[in-house]
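S.K.: Could you have a look at this structure, given as structure tokens, before my questions?
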Amino acid sequence: MTLQQWQDKFGTNEACYAYLVTQRWPDGFICPKCQGTRYWTIQRSERTAPLYECSQCHTQASVTAGTMFHRTKVALRTWFLAIYLMATDKRGKSALALHRELGLPYATAWLLHHKIQHAMAERNAQYQLGGLLELDDAYFGGVSHGPGKRGRGIDQDPVVVDVSLTGKGRPQFAFLEAVPDLTKETVLQVLERRVENLGTWLSDGASIYAAGAKAHQADHKVTPSDDPEAPKVFHWINTVISLAKTFLDGTYHGRGRARRQLYLEEFSYRFNRRYLGTPIADRLLTACVQAKPHPYGA
Ligand SMILES: [Zn+2]
């Protein structure tokens, strides 16, 4: 869908609310209390979601209740446009770009950006990589200063990177997770969440991946990093790391692992849907509608 088509479809708050209604009540309104299907709507203001009141028991239901749009002070069409922009911009839309392009106060743009990133992270958490995988870790963020542990600098996080490959050896999906350390315990937890059992794992033979492969009953193929074949074997994971670093350098200048992780989730979300084209915006809208409310107002 082009931006123009998106705006034709979701250019008014009414159209956006109508869309949410079809998502929440695909077969028409059903009273959450008495299951009645007759209702009237109460429009409180142009900017807030209409209330649906059951004509039988007078229970009021909001179409945004339980979603990240609940009690938002931002017009829904602005939310929908932010979702489109963040989904389709290959370099990622920063909060600053949303602030400028949507004419929102920076703090509001930041909150929209933050919540949409959370929706991406929730969706990522529903998937695991399987089959043929490359696994490695890299340091992200900050500047590498002096003799840190394996080159760790100030405000840098180790990031565990998993990339799945197609049968033809092309990259398919990727996850990147910032971790406090690269101990076996930490890395095993990440792999438990992100990677299926079985399959074939390619790594440089680090003991954390050997332990992970064992726990996942995966076939583990080791290519030491000084092996002449290593650049070929790890070509795609190195490419993904480099793309992710470029993305973070361009959009994220803050500190802290949790924030950095949200940017890594955003990167993974778009990377894993890079062949979708603009339908990625519809997918992200669905992810946002289904995302749990997050404890930040907007
Ligand atoms: Zn009712």
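Every residue, every condition in (1) within 22 Å of the chain's Cα centre (by Cα); (2) more than 16 Å from the ligand (Cβ to nearest atom); (3) among the hydrophobic types (A, V, I, L, M, F, W, C), yes or no:
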| residue | (1), (2), (3) |
| --- | --- |
| GLN4 | no, yes, no |
| PRO26 | no, yes, no |
| ILE42 | no, no, yes |
| THR67 | yes, yes, no |
| GLY92 | yes, yes, no |
| LEU104 | no, yes, yes |
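S.K.: Under 8 Å between Cβ atoms, which residue pairs at least 6 apart in sequence (or on different chains) link something in the stretch 217-232 that is modelled with pLDDT under 95 with a partner that is of a type in the set (D, E, K, R)?
M.R.: Once the first residue is modelled with pLDDT under 95 and sits in the stretch 217-232, its partners that are of a type in the set (D, E, K, R) give SER225/ASP204.
S.K.: Would you confirm whether or not the stretch 222-237 contains a residue that is in contact with a strand residue (DSSP E or B) (Cβ under 7 Å, 6 or more places away or on another chain), assigned to a helix (DSSP H, G or I), under 20 Å from TYR139 (Cβ atoms) and not hydroxyl-bearing (Ser, Thr, Tyr)?
M.R.: Yes, the stretch 222-237 contains at least one residue that is in contact with a strand residue (DSSP E or B) (Cβ under 7 Å, 6 or more places away or on another chain), assigned to a helix (DSSP H, G or I), under 20 Å from TYR139 (Cβ atoms) and not hydroxyl-bearing (Ser, Thr, Tyr).
S.K.: Tell me which residues, restricted to the stretch 244-265, are loosely packed, with under 15 Cβ neighbours inside 10 Å and either of a type in the set (Asp, Glu) or at pLDDT 95 or above (or both).
M.R.: Answer for the stretch 244-265, where residues must be loosely packed, with under 15 Cβ neighbours inside 10 Å and either of a type in the set (Asp, Glu) or at pLDDT 95 or above (or both): just ASP249.
S.K.: With respect to THR72, determine if the residue is assigned by TED's automatic domain parsing to the domain that holds TRP40 and in contact (Cβ under 8 Å) with a residue 40 or more places away in the chain.
M.R.: Working: assigned by TED's automatic domain parsing to the domain that holds TRP40: yes; in contact (Cβ under 8 Å) with a residue 40 or more places away in the chain: yes.
Yes: the conditions hold for THR72.
S.K.: Would you confirm whether or not the stretch 16-23 contains a residue that is in contact with a helix residue (DSSP H, G or I) (Cβ under 8 Å, 6 or more places away or on another chain) and either within 12 Å of the ligand (Cβ to nearest atom) or over 24 Å from THR72 (Cβ atoms) (or both)? Write out each step before concluding.
M.R.: Initially, the stretch 16-23 is screened for residues in contact with a helix residue (DSSP H, G or I) (Cβ under 8 Å, 6 or more places away or on another chain), giving 16-17, 19-20, 23.
Right, trim to either within 12 Å of the ligand (Cβ to nearest atom) or over 24 Å from THR72 (Cβ atoms) (or both) and you get none.
No, every residue in the stretch 16-23 fails to be in contact with a helix residue (DSSP H, G or I) (Cβ under 8 Å, 6 or more places away or on another chain) and either within 12 Å of the ligand (Cβ to nearest atom) or over 24 Å from THR72 (Cβ atoms) (or both).
S.K.: So, one more: Suppose the filter is assigned by TED's automatic domain parsing to the domain that holds SER94 and either surrounded by 13 or more Cβ atoms within 10 Å (Cβ to Cβ) or within 13 Å of the chain's Cα centre (by Cα) (or both); does ASP282 pass it?
M.R.: Values: assigned by TED's automatic domain parsing to the domain that holds SER94: yes; either surrounded by 13 or more Cβ atoms within 10 Å (Cβ to Cβ) or within 13 Å of the chain's Cα centre (by Cα) (or both): yes.
Against the criterion (assigned by TED's automatic domain parsing to the domain that holds SER94 and either surrounded by 13 or more Cβ atoms within 10 Å (Cβ to Cβ) or within 13 Å of the chain's Cα centre (by Cα) (or both)), ASP282 qualifies.
S.K.: Moving on to the next point. Just checking, how many residues over the stretch 240-261 are more than 16 Å from VAL160 (Cβ to Cβ) and of a type outside the set (Gly, Ala, Ser)?
M.R.: 9
S.K.: Give GLN56, GLN60, GLN35 a once-over and let me know the one that is surrounded by fewer than 13 Cβ atoms within 10 Å (Cβ to Cβ) and within 16 Å of the ligand (Cβ to nearest atom). Quick ask: steps written out before the conclusion?
M.R.: On the way: GLN56 fails: surrounded by fewer than 13 Cβ atoms within 10 Å (Cβ to Cβ); GLN60 fails: surrounded by fewer than 13 Cβ atoms within 10 Å (Cβ to Cβ).
Testing whether each residue is surrounded by fewer than 13 Cβ atoms within 10 Å (Cβ to Cβ) and within 16 Å of the ligand (Cβ to nearest atom) leaves just GLN35.
S.K.: Restricting the search to the stretch 116-141, which residues are modelled with pLDDT of 95 or more, crowded, with 21+ Cβ neighbours inside 10 Å and either among the aromatic types (Phe, Trp, Tyr) or under 12 Å from MET86 (Cα atoms) (or both)?
M.R.: Once the filter is applied, which keeps residues that are modelled with pLDDT of 95 or more, crowded, with 21+ Cβ neighbours inside 10 Å and either among the aromatic types (Phe, Trp, Tyr) or under 12 Å from MET86 (Cα atoms) (or both), the stretch 116-141 yields ILE116, GLN117, ALA119, MET120.
S.K.: Being closer than 19 Å to TYR252 by Cβ, away from the ligand (no atom under 16 Å from the Cβ) and without any contact (Cβ under 8 Å) to a residue 12 or more places away in the chain: is that true of ARG100 here?
M.R.: Judged against the criteria, ARG100 is a match.
The values are calculated or read from the model by the stated rules, or taken from the named source; none is laboratory data. The shown structure was predicted, so the numbers you read here are calculated from the model rather than taken from an experiment. Virtual Cβ from ideal backbone geometry, glycine too; neighbours counted across all protein chains shown.
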